Amino acid sequence: MTDIPTDTQPEIPTRAGFVALIGEPNAGKSTLLNRMVGARVSIVTHKVQTTRARIRGIAMHGPAQVVFVDTPGIFRPRRRLDRSMVAAAWGGAADADIIVLLIEAHRGLTPGVQEILDNLREKSSGRPVALAINKIDRVKAETLLALSQRMNEAFPFERTFMISAERGHGTGDLMDWLAQTLPEGPWLYPEDQIADLPMRMIAAEITREKLTLRLHEEIPYQLTVETEHWQERDDGSARIDQVIYVSRPGHKGIVLGKGGETIKGVSRAAREEIAEFMGRPVHLFLRVALRENWLDEAERFREMGLDFRDGDG
């Protein structure tokens, strides 16, 4: 008679929690989020201040579920929308289990980064804070080492990582540390979920990204995109109707473009990416509407995932 072994391998405890990515505009937070999650869940453009809401991307790493919060860039606010965005960024940090500060290697310890460090002393509240020096391919090794030393003299970071969010260098080490540092506990989301934003908002963000890439100067910051209607069709496809709100009469023609070429190009690019994200066909219909005071409307802020009251001066 064969003995049945009674000893079994101990079960590895699961871990889960929130990681806030903070930094100046254009530091690479959205690029890092998308790299970690393995999908486009946050808007990425060459323009600064494009992430408006706190966008959560969910990554599985062994027994750990890492929920990234991609916050708007922290900068000196001038308008109500700016103030709401900065408040959302610090709110994301306050709600997180771990905070990761991203800085650009070639810019170093700027006055904006120093201001973030000053606020972190009060707002990190004992949470682990890591430093991620991004875009390391732009500077020499000795410059990186000097910057790392200077940053760690300015703030007691738990760990420092040298990364390239765009190329993926060093991001694996960062993910390993995050997964090991998060608190033990059950997963917060289903294993196959990669974002906790409603699909309506993700679709609107994708369209806004395409507009930002096509347009220039201040126009991208004077428009917003909302998903008006979402219809699931019997053939498995989805019909999505979106409205692009602009704040000035002259912007409507710019968004449409000569002969409607700009809006057609935006619609085509957005439809393809939304369909790829959803894994099924999409029929996207865009219209442009003038709404001169949308930057002062609470409903527009709610659609962007921001608190209108945070914009009070």
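The values are calculated or read from the model by the stated rules, or taken from the named source; none is laboratory data. All figures in this text were calculated on a predicted structure; none of them were measured in a lab. Every residue, glycine as well, gets a Cβ built from its backbone with ideal geometry; the counts of neighbours run over all protein chains shown. Areas reflect the complete protein model, heavy atoms only, side chains present, ligands, DNA and RNA absent. Shrake-Rupley method; radii C 1.70, N 1.55, O 1.52, S 1.80 Å.
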Excluding residues fewer than 8 positions from Lys123 in its own chain, the lysines with Cα under 28 Å of it are Lys29, Lys47, Lys135
Taking a crude spin-label model, label points 7 Å out from Cα along the C-beta direction, the Asp192 to Arg233 distance in nm is 2.3
Descending accessible area (1.4 Å probe), largest on the left, turns Trp230, Trp187, Trp177 into Trp187, Trp230, Trp177
Simple SL model, points at 7 angstrom along Cα→Cβ for Glu276 and Lys123; separation in nm is 3.3
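Mind running the shape call on region 133-262? Use the C-alpha gyration tensor, a ≥ b ≥ c as the square roots of the eigenvalues: rounded below 1.5 for a/c, prolate if a/b tops b/c, oblate otherwise.
Because a/c hits 1.5 or more and a/b fails to exceed b/c, region 133-262 counts as oblate.
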